[in-house]
Amino acid sequence: MPRYSITTFGCQMNVHDSERMHDVLRCAGYTEAGSADEADVLVLNTCSVREKAEQKLRSEVGRLARWKRERADRVLVVAGCVAQQEGERLLKQMRAIDVVVGPDNIPELPGLLGDLAIGGLPIARTVFDLDAPRFLVASPPSPSSSPRAAPTAFVTVMKGCDERCSFCIVPHTRGPERYRPSDEIVAEIAALVAAGTREVTLLGQTVNSYRDPLGALPRAPGASADDPDESEFAALLRRVAADVPGLARLRYTSPHPRHLTPSLVLAHAELPVLPRHVHMPVQSGSDRVLRRMIRRYTRAEYVARTRALVEAVPGLTLSTDIIVGFPGETEDDFAATLSLVREVGFKGLFGFKYSRRPHTPALKLPDDVPEGVKGERLARLFEESEALLAAHLSALVGTTQQVLVEGRDKERGHGGAGGALWSGRTGRHEIAHIDGAGELDLLGEVVEVSITRANKHSLQAELTEAARAAARPRQRGGGLDARPGRRSLPVVAAEGG
Ligand code: SAM
């Protein structure tokens, strides 16, 4: 049986696409190789949101040319956003590549590999499925099977992007917005929950612009027919909450501030399944820059909308994405970004230096902020956000929190002094490491903990007495290694978003 290996670059969308590629290849009779060296087929699932990510692909292919030369029948596949962006050109530029496959063409991968095996030429397949959008679904383990499904899972609700942010390549690499029927979304989540999943993150490039293509959702409370920014996302959240009562947490990423409408705020206020944390990319705190970025909101609108959310859900925290050094960004513009970070009080922040991307409107603007200034602004931005996070985490010491246990602590592993150390996330998305619970089976449980210490980016915690009394002991022979977890994919670069 041919063996494959997948290396993933980029965002959660790419991680999700890689999981679907695993499924497609396994269904076609391929088995996963222990390492790239053992693989007959190597897939690089690529990201092109920033130039650095694209450069990584090019150096990786250069490195893999030797891997290919070692055996004539080895196949190198490039998938994802760079594949979609470059198509046939990649085959001409880099002779080591055999197959280029776009995100919408993943189901065709086994067929393309089959053609190659019988002597076909290198091929690029990068066609958007505009007429009949396909949303690939993982088949979760059945409720009675072992191992159980992972405690957390991603479910795609839409793909593509109709925004025209001037810096962003996504509309080019992922095409126009296409939405998945709510019936399908609910069915996938229900199957995951029946198999053991506790938390689902709804995925989409602008996830909260969602509309049911079959018109199967009633208007959500608070939704205005006259508001052009209104979508059916709040109605989708309400339907998932009502139809899948066993779901513990329902997150989503990445939303656009434009669609943070009163109906979505009301859904957050009324649905306990929505955790008290939202990631809401703002990109800049300067109206002049926001206009040039074509973000379609002002700083005041962003502040007003997020404030409404925080007022509706006390204690809700926000995180964000920010680009520094966008063309024409002055020191005053950047100062406005820093003041916005303080004003909103973000508890998490992905910061990026602006990089010119092909096919984007901002190419017409000179990239006039020197690299050194971009680096210095990014450092100041991180300094600001780290201080906010540190103060927030310190204030949580001594409080009780509900943590969804996602797996073993990656830093200390099991078998340490206190036995296994579990880790998970609070309802607000803070990472919590749980000490002294190695003898218990906490995977997939929402447990009550008291916070004992604040680390730089996470919390240290202990089970409360009540949680300890209610927890299951680990089964003899069942060991941690027999526990399921999220399939570990070799994620090379997770660059936020
Ligand atoms: N849906 C998200 C949004 O609302 O903008 C886009 C997600 S994008 C894949 C992740 C982040 O990458 C963006 O939020 C933005 O901060 C950053 N990004 C996108 N294009 C960029 C560019 N040309 N240079 C630097 N950062 C960029």
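Without any contact (Cβ under 8 Å) to a residue 60 or more places away in the chain, more than 16 Å from the ligand (Cβ to nearest atom) and touching a helix residue (DSSP H, G or I) at 6+ places or on another chain (Cβ under 9 Å): does that describe Ala96? Against the criterion (without any contact (Cβ under 8 Å) to a residue 60 or more places away in the chain, more than 16 Å from the ligand (Cβ to nearest atom) and touching a helix residue (DSSP H, G or I) at 6+ places or on another chain (Cβ under 9 Å)), Ala96 qualifies. Restricting attention to the stretch 242-254, does a residue exist that is within 26 Å of Tyr354 (Cα to Cα), in contact (Cβ under 8 Å) with a residue 40 or more places away in the chain and polar (S, T, N, Q)? Yes, the stretch 242-254 contains at least one residue that is within 26 Å of Tyr354 (Cα to Cα), in contact (Cβ under 8 Å) with a residue 40 or more places away in the chain and polar (S, T, N, Q). Please determine whether any residue of the stretch 4-22 is away from the ligand (no atom under 16 Å from the Cβ) and more than 23 Å from the chain's Cα centre (by Cα). Checked against the condition, which is being away from the ligand (no atom under 16 Å from the Cβ) and more than 23 Å from the chain's Cα centre (by Cα), the stretch 4-22 yields at least one hit.
Conditions (1) within 16 Å of the ligand (Cβ to nearest atom); (2) at pLDDT 95 or above; (3) over 26 Å from Leu393 (Cβ atoms), marked per residue:
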residue	(1), (2), (3)
Thr320	yes, yes, no
Ile323	yes, yes, no
Phe326	yes, yes, yes
Glu329	yes, yes, yes
Asp332	no, yes, yes
Glu343	no, yes, no
Leu349	yes, yes, no
Lys353	yes, yes, yes
Leu363	yes, yes, yes
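Selection of the stretch 287-320 for residues being free of Cβ contacts under 8 Å to residues at least 40 places away in the same chain and of a type in the set (Lys, Arg) yields Arg291, Arg307. Applying the criterion of at least 3 residues that are at pLDDT below 90 and closer than 27 Å to Gly351 by Cα to the helices (runs of 4 or more DSSP H) found wholly in the stretch 1-95 leaves 51-69. Here Arg50 meets the list (1) surrounded by 24 or more Cβ atoms within 10 Å (Cβ to Cβ); (2) within 18 Å of the chain's Cα centre (by Cα) almost entirely, failing just condition (1).
Looking at Glu177, Glu108, just one residue is buried (at least 19 other Cβ atoms within 10 Å of the Cβ) and of a type in the set (Asp, Glu), and that residue is Glu177. Remark: pairs (first residue in the stretch 341-361, over 10 Å from Leu388 (Cα atoms) and part of a strand (DSSP E or B); second residue within 7 Å of the ligand (Cβ to nearest atom) and among the β-branched types (Val, Ile, Thr); Cβ separation under 6 Å; 6+ apart in sequence or on different chains) = Gly351/Ile322; Phe352/Ile323.
Every listed requirement among (1) crowded, with 17+ Cβ neighbours inside 10 Å; (2) assigned to a loop (DSSP other than H, G, I, E, B); (3) over 24 Å from the mean Cα position of the chain (by Cα) is met by Phe334 save one, (2). In the set (1) loosely packed, with under 13 Cβ neighbours inside 10 Å; (2) under 27 Å from Pro176 (Cβ atoms), the condition left unmet by Ser59 is number (2). Tell me, yes or no, whether the stretch 69-77 has at least one residue that is of a type outside the set (A, V, I, L, M, F, W, C), surrounded by 14 or more Cβ atoms within 10 Å (Cβ to Cβ) and within 14 Å of the ligand (Cβ to nearest atom). Taking every residue of the stretch 69-77 in turn, none turns out to be of a type outside the set (A, V, I, L, M, F, W, C), surrounded by 14 or more Cβ atoms within 10 Å (Cβ to Cβ) and within 14 Å of the ligand (Cβ to nearest atom).
With the stretch 169-282 as the region, which helices (runs of 4 or more DSSP H) entirely inside it contain at least 1 residues that are within 16 Å of the ligand (Cβ to nearest atom)? Filter on the stretch 169-282 gives 170-174, 233-243, 262-270. I need the full set of residues from the stretch 50-61 which are out of contact with any Gly (no Cβ under 7 Å at 6 or more places or on another chain) and touching a residue at least 24 places away in the same chain (Cβ under 8 Å), in order please. Listed by number, the residues that qualify are Arg50, Glu51, Lys52, Glu54, Lys56, Leu57, Arg58, Glu60, Val61.
The values are calculated or read from the model by the stated rules, or taken from the named source; none is laboratory data. Just so it is clear, the model here is predicted, and its values are computed rather than measured. For neighbour counting, all protein chains shown are included, and Cβ atoms are generated from backbone atoms with ideal geometry for every residue, glycine included.
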